[in-house]
1. What are the label-to-label distances in nm, one decimal and shortest first, from B:R298 to the same spot in the other copies, with labels 7 Å along Cα to Cβ?
2. I want the antiparallel fraction of DSSP beta bridges within the protein assembly as shown, as a percent rounded to 5.
3. In debye, nearest 20: dipole of the protein assembly as shown around its Cα centre with unit charges on the Cβ of K, R (+) and D, E (-)?
4. Using only C-alpha positions, report the orientation-averaged shadow area of the convex hull of the stretch B:2-164, nm², one decimal.
5. Give me the Debye-computed log₁₀ of I(q)/I(0) at q = 0.08, 0.11, 0.16 Å⁻¹ for chain B, equal point scatterers on Cα only, no solvent, two decimals.
6. Could you work out the mean count of beta carbons from other protein chains within 10 Å of each residue's beta carbon in A:245-252?
7. I'd like the Kirkwood hydrodynamic radius of the stretch D:172-276, using the inverse of the mean 1/r over distinct C-alpha pairs, in Å.
8. Which chain D residue comes nearest the axis with its C-beta when you rotate D onto A, and by how many angstrom?
4 protein chains.
Amino acid sequence: MQLGMIGLGRMGANMAQRLHRAGIHVQGFDPAAQAREQVSAAGIATSDTLQDLVHAIPAPRRLWLMVPSTVVDATLGALLPLLSNGDVVIDGGNSWYKQSQARAARCGERGVAFVDCGTSGGIWGREEGYCLMVGGDVGTVAGLAPLFRALAPAMDRGWAHVGPVGAGHFCKMVHNGIEYGMMQAYAEGFALMEKKAEFELDLAQVTELWRHGSVVRSWLLDLGADALRDNPTLAGIAPYVEDSGEARWAVAEAIDLEVPAPVITLSLQERLRSRQRNSFTDRMLATMRRQFGGHAIRKTDA
Amino acid sequence: MQLGMIGLGRMGANMAQRLHRAGIHVQGFDPAAQAREQVSAAGIATSDTLQDLVHAIPAPRRLWLMVPSTVVDATLGALLPLLSNGDVVIDGGNSWYKQSQARAARCGERGVAFVDCGTSGGIWGREEGYCLMVGGDVGTVAGLAPLFRALAPAMDRGWAHVGPVGAGHFCKMVHNGIEYGMMQAYAEGFALMEKKAEFELDLAQVTELWRHGSVVRSWLLDLGADALRDNPTLAGIAPYVEDSGEARWAVAEAIDLEVPAPVITLSLQERLRSRQRNSFTDRMLATMRRQFGGHAIRKTDA
Amino acid sequence: MQLGMIGLGRMGANMAQRLHRAGIHVQGFDPAAQAREQVSAAGIATSDTLQDLVHAIPAPRRLWLMVPSTVVDATLGALLPLLSNGDVVIDGGNSWYKQSQARAARCGERGVAFVDCGTSGGIWGREEGYCLMVGGDVGTVAGLAPLFRALAPAMDRGWAHVGPVGAGHFCKMVHNGIEYGMMQAYAEGFALMEKKAEFELDLAQVTELWRHGSVVRSWLLDLGADALRDNPTLAGIAPYVEDSGEARWAVAEAIDLEVPAPVITLSLQERLRSRQRNSFTDRMLATMRRQFGGHAIRKTDA
Amino acid sequence: MQLGMIGLGRMGANMAQRLHRAGIHVQGFDPAAQAREQVSAAGIATSDTLQDLVHAIPAPRRLWLMVPSTVVDATLGALLPLLSNGDVVIDGGNSWYKQSQARAARCGERGVAFVDCGTSGGIWGREEGYCLMVGGDVGTVAGLAPLFRALAPAMDRGWAHVGPVGAGHFCKMVHNGIEYGMMQAYAEGFALMEKKAEFELDLAQVTELWRHGSVVRSWLLDLGADALRDNPTLAGIAPYVEDSGEARWAVAEAIDLEVPAPVITLSLQERLRSRQRNSFTDRMLATMRRQFGGHAIRKTDA
């Protein structure tokens, strides 16, 4: 089977290599020459333009998008005119499921099938396999099974056709919301242990301990144990946490569905908060306290 | 009527003056000479020691404690041996209601009555009157009515006998929990308006506007309007918010009673958070993100 | 000055009457005959169709929409073809500010000015006046000042031109977010007092007490006191709380602006939660507890 | 090595069997005859009274308490007079770490050593091994290593001496706080998927899928997958979630340490909320909405 991989960043390059090793013929494209070269060095064929990529693959083509969610529409705009009836586009990135549904409609107008594939596994996926949540129509997804089998941890585990177009990215959105909540729960717990000076706890020891037999054992904990073993005080790491969009969609979805998701929501907000350096909220609180109670406020260094 | 006022800090001194102006004979004491002098300058008699204070007042005495909650027990320890059967001690500060119940028992062993009085009104109470939530037995509280009438905004409004000993401080604890939640709600709203650069909103204008006819009008909003009129950008004010204990008790009580109080709880936690400068929680989150996704972290300036 | 009032529901009818009493000539329209009749009975002229309404008012016309946010676009669609260059449409309802911006553009294409007016005050506005947050261009808003003066609590207080089109509804959205947070804070506090059987607190008494001199006094508390005086145990009232959209927009806006608003957000989610009768979240938690710990679960009545 | 196991409930009986299979001589006691009989049937010696148990074991004795946290003090009160200098008591249950510190002092007065052991693993521990967080002094803990090795998943993994007395139960308290947060995160995510009727998601399929390669894979997810496979709609399970104390202590600790733990806290409060049937908070909110806006309320069935 042949596949065009569009986007050879961290995720796309790793996936190309896992597919290549599984015997899939991968033809890669990325606008950045350096990204193409790195993948070439791993023995994978690349094309310098989208047009070349499309021409290099016999129809019906399978094209996997692994690009930032912000450029999916532009990529699709450049790609669609080059495609033929019966080709398939798979979006394996972190797109909002409603956009995936719209994109499927747009592709459908040209006779191109669209599949959304929520992909989890991070940088570990290349060796351990990726968890793939696939949305699309039955026939199209069935035809892509060899790709999913190659990418998943095992041929028949770690990938599934979860529903129609949109369902894959919907599941990935929820998955990431859960991930935010789990991470926040762990991080709060470790902060409690770190602050409890009385016990002089060795966080790396406790994390390693919990990996074996405890109710909170998980892959995230495994990674936390690695991090704390290497840097037990998290020295040099700024308290600044990015987010990548999915939890925002999850919060909006929860409100649309009228399903409370307080922990997922709060986990996102804690990340927003980590990035504030001069919170107006807190300054307003300090000011109001002074107004009614004459309480002292702290002045900023001016 | 005579009253001994023990503690002449911001609250105690103001209350002494309001009582004095209402024709109550106030005898003040504070361990700090400066505090005594300021009150003396307002025409109020003071004593240099607790013993002198007690001797200066004819039995049965009324002694009002307006001291930090952390020194109530020590003050009571010094005071009780000086008192006689039939004297009354009123704790007007921010004590935990369970401690007030224990203190009432301790006083009772010596024939001294104890009344807990939750006091709200801040620095504005001297002119506007204080809201007083009074706990104690019926007869004792009735005998103190002239004091409460003098301190309250109006003779028959703004003070009430809400229940047995402890009930006064319990109500004040809940009151302050609500206060934290209200303040946080306002502060979040103002932060949203401040960040919305597109509209160039004048926060002082909006606050003033809301004071008239809106559903969110309140005394806290009045104070917020004052603050924003004087300093519309809250320049020079650090995002650092203290708390004074009552909300902590309220959170513990909510859990004991098995009544969810998520907004009150979160409002307290947001204050704790405002005081963190290098959150371990956030550093742990940043580290975990890097571990699984290879995401960049920010380094601290070293 | 003349004004067409479109929408004679609870809010529109009350506003029409307040304007009428202030000497503004109001011409009312509502698709429901009963709504028109009630307003007619108060001495206000009404029209049976939008077309009649528009014809009854000399150009340049002022038309105030007071309709559910879900029908604003349809109403505007019917209205715009009837209007002339120089007419003004004011949306006084609870619209999302981004839709107001889009509607202003749509009106502008026909030479019709658009003003968004966030309106607070509820059913009390008719007697006490409404708080009005007005967005629009300077000249248009200035020309409407007599209307705003008539509706506001006082001629020069309780209404303000807060910014360009959209700014009025933006401020109202934030206002309502704050309102949700304040209400939740009060409600949590009252629930704590209600559960504390030991003190047999009289909630109506405490609420009334807090209205005088306390830090938490507010108009919402005044209303809470009314409610608890009439029904101290809230007998017969179901624990089911609606929401009306603004807080949802506020949560989405907070995330877009990357400003944490945890208390506003949680207050909305608590309302969503109040409407759930068989929470899947809780059933999932109960199931997981049983799976790892063998803990008993409760069965539903089957 | 010999061990007295006091408390033969679900946890104690399982641990006794795991120890017994590892060649430790276990002597069991439980006040309930039925509990003793079940353990006897598994080939483990039991005593009918605490006194018999103590006499059946040669000094220096090792006695493991596996009793509800509410009866630890009473059990210790009965046990201590029977013990001799050099004996060791291990509390393997879910006690508050400050009580463990006090109990260690109480035991120390009689020359009895005390070790606190936070135990995780639930009903699966018998086969898979328990995660053990051990607090105590170095020599005492070292002497108990054969017991911990037998109980842990592997001889050198899954148990650790984490610090002085109290540190074991402190870590377990934090562990359970994290567990509550993780469970809530999963449960919220599943509720979102369950409500999204459009995709007709098969929750059992998605859960099973996520177990392989995803970032959220964990042991709790494994158990969730088991539960959903057996009962995909969670039919018959009431939305009622118990809590067992540790998270309450964790919330109190977070506030004492002034470390925000919003997700852990909220996860506990969501459980409290699941147990409310006629929330006063929600009824108060509904009432206030009606007061200011004339909004309809729902009546209870009377």
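The values are calculated or read from the model by the stated rules, or taken from the named source; none is laboratory data. This is a predicted model, so every value here is computed, not measured. All Cβ positions, even for glycine, are placed from backbone atoms using ideal geometry, and neighbour counts span all protein chains on display. To get the accessible areas, we keep the full protein, side chains included, count just its heavy atoms, and leave off ligands, DNA and RNA. Shrake-Rupley method; radii C 1.70, N 1.55, O 1.52, S 1.80 Å.
1. Ordered by distance, the counterparts are at 1.7, 4.4, 4.5 nm.
2. Roughly 25 percent of the DSSP beta bridges within the protein assembly as shown come out antiparallel.
3. Around 0 debye, computed over the protein assembly as shown.
4. 8.1
5. For chain B at q = 0.08, 0.11, 0.16 Å⁻¹, log10 I(q)/I(0) is -0.46, -0.78, -1.30.
6. Average neighbour count from other chains, rounded to a whole number: 2.
7. Value: 15.0 Å, from the Cα pair sum.
8. Here the nearest residue and distance are D:S218, 2.
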